[in-house]
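Peer 1: So that we are looking at the same thing, I have put the structure below in structure tokens.
The values are calculated or read from the model by the stated rules, or taken from the named source; none is laboratory data. Note that the structure is predicted; figures quoted are calculated from it, not measured. In this analysis, Cβ positions are derived from the backbone assuming ideal geometry, glycine residues included, and neighbour counts consider all displayed protein chains.
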Amino acid sequence: MTKRLANAQDTVSTLSFNVLIPARYDSVRLPGKPLLDIAGKPMVVRVAERAALSGAKQVMVATDDDRIMQAVKQHGFDACMTQAKHLSGTDRIAEVAMQQGWSDESIVLNVQGDEPLISPTLIAEVANQLNNDCSAAMATACYAISNEADFINPNVVKLVLDDQGHAMNFSRAPIPSSSPLSAYRHVGIYAYRVKFLKLFTSLAQSALEKTEALEQLRALHYGYKIAVHVSSQTPATGVDTMEDLVAVRARFQSQQS
């Protein structure tokens with residue numbers, strides 16, 4: 001059973017959904033990133049703690065590394081070993097969803113393993129976004145871009161929405177936008193129905209997906225709709241660099257003081 005960190009009144013959703021956290025040991029900039037210490041616990045465990053507060057029915061880490069699996073289990077969370085061949089976190093969680101035998105209509109959230117400050121509310125909001133939109137195959141999140149530096153930064157993924165709240169395009173380049181369209185910064189969290197998750201990983205990559213290195217473009221290429229939750233809050237930073245890690249550690253330290 002997944003470890004619970006809060007009483008029922010502390011969770012933020014009554015919708016039934018599961019959270020999978022893909023985590024691999026190798027990282028170019030931060031080797032062993034999932035196991036890096038944050039205030040006495042591995043980073044991936046901190047992510048699982050946040051996910052557990054979202055109201056998820058089950059929270060599980062999907063990994064191909066026994067060190068990660070053992071660390072997660074030692075802290076009371078579920079972990080599942082996957083094949084090492086996977087090229088993306090989506091492929092990894094699809095394997096777990098099939099292992100678990102979840103029904104085709106079950107909702108699964110892909111929460112990145114380097115987001116130790118992720119909002120439990122945001123997780124629940126993305127799950128609800130998909131649940132409430134029968135026309136969408138998957139869901140994600142974004143927030144408004146407020147400065148030009150982010151707009152032109154290739155490390156910031158931009159997206160624009162149609163008038164139904166579905167994604168029209170994602171790009172690392174500045175996306176032309178003017179009223180009634182506006183550009184948003186994408187947040188890398190995804191919700192899928194299990195049926196589509198299994199289908200998605202069987203689809204061939206599109207040329208644009210390869211160019212942009214953004215796998216969500218595969219869904220748009222094949223004509224599937226992506227529902228988008230527009231957050232009014234700027235999400236906390238993830239951990240991609242040592243500078244990010246120092247900042248996150250300081251944040252946890254201040255919370256414990």
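Peer 1: In this structure, is Ile123 within 26 Å of Leu35 (Cα to Cα) and either assigned by TED's automatic domain parsing to the domain that holds Leu214 or assigned to a loop (DSSP other than H, G, I, E, B) (or both)? Break it down stepwise before answering.
Peer 2: Working: within 26 Å of Leu35 (Cα to Cα): yes; either assigned by TED's automatic domain parsing to the domain that holds Leu214 or assigned to a loop (DSSP other than H, G, I, E, B) (or both): yes.
Yes.
Peer 1: On to the next question. Considering only the range 31-74, state which residues are more than 16 Å from the chain's Cα centre (by Cα) and of a type in the set (A, V, I, L, M).
Peer 2: Leu35, Leu36, Ile38, Ala39, Ile68, Met69, Ala71, Val72
Peer 1: Also, quick follow-up: Quick check on the range 102-113: of everything there that is surrounded by 23 or more Cβ atoms within 10 Å (Cβ to Cβ) and assigned to a loop (DSSP other than H, G, I, E, B), which residue is modelled with the highest pLDDT? Show your work before the answer.
Peer 2: Step one: list which residues in the range 102-113 are surrounded by 23 or more Cβ atoms within 10 Å (Cβ to Cβ), which gives 107-111, 113.
Then drop every residue that is not assigned to a loop (DSSP other than H, G, I, E, B), which leaves 111, 113.
On the way: Val111: 97, Gly113: 93.
The selected residue is Val111.
Peer 1: Run down Ser202, Ser231 and say which single residue is loosely packed, with under 12 Cβ neighbours inside 10 Å and either in contact with a Lys or Arg (Cβ under 7 Å, 6 or more places away or on another chain) or assigned by TED's automatic domain parsing to the domain that holds Ala136 (or both).
Peer 2: On the way: Ser231 fails: loosely packed, with under 12 Cβ neighbours inside 10 Å.
Going through Ser202, Ser231 in turn, the sole match is Ser202.
Peer 1: From the residues in the range 216-228 that are in contact with a Ser or Thr (Cβ under 9 Å, 6 or more places away or on another chain) and among the hydrophobic types (A, V, I, L, M, F, W, C), which one is surrounded by the fewest Cβ atoms within 10 Å (Cβ to Cβ)?
Peer 2: Taking the range 216-228 and keeping what is in contact with a Ser or Thr (Cβ under 9 Å, 6 or more places away or on another chain), we get 216-218, 220-222, 225-228.
Now restrict to residues that are among the hydrophobic types (A, V, I, L, M, F, W, C): 217, 220, 226-228.
Working: Leu217: 22, Leu220: 19, Ile226: 25, Ala227: 25, Val228: 27.
Of everything passing the filter in the range 216-228, Leu220 is surrounded by the fewest Cβ atoms within 10 Å (Cβ to Cβ).
Peer 1: Looking at this structure, is Gln99 assigned to a helix (DSSP H, G or I) and polar (S, T, N, Q)? So that I can check it myself, show each step before the final result.
Peer 2: Details: assigned to a helix (DSSP H, G or I): yes; polar (S, T, N, Q): yes.
Yes, satisfied.
Peer 1: Let me ask something else. Which condition from (1) in contact (Cβ under 8 Å) with a residue 24 or more places away in the chain; (2) on the phi > 0 side of the Ramachandran plot is the one that Lys195 breaks?
Peer 2: (2)
Peer 1: Only one residue in Asp133, Asp163, Asp150 is surrounded by 13 or more Cβ atoms within 10 Å (Cβ to Cβ) and part of a loop (DSSP other than H, G, I, E, B). Which one? Talk me through it step by step, then tell me what you get.
Peer 2: Working: Asp163 fails: surrounded by 13 or more Cβ atoms within 10 Å (Cβ to Cβ); Asp150 fails: part of a loop (DSSP other than H, G, I, E, B).
Step by step, each of Asp133, Asp163, Asp150 is checked, and only Asp133 is surrounded by 13 or more Cβ atoms within 10 Å (Cβ to Cβ) and part of a loop (DSSP other than H, G, I, E, B).
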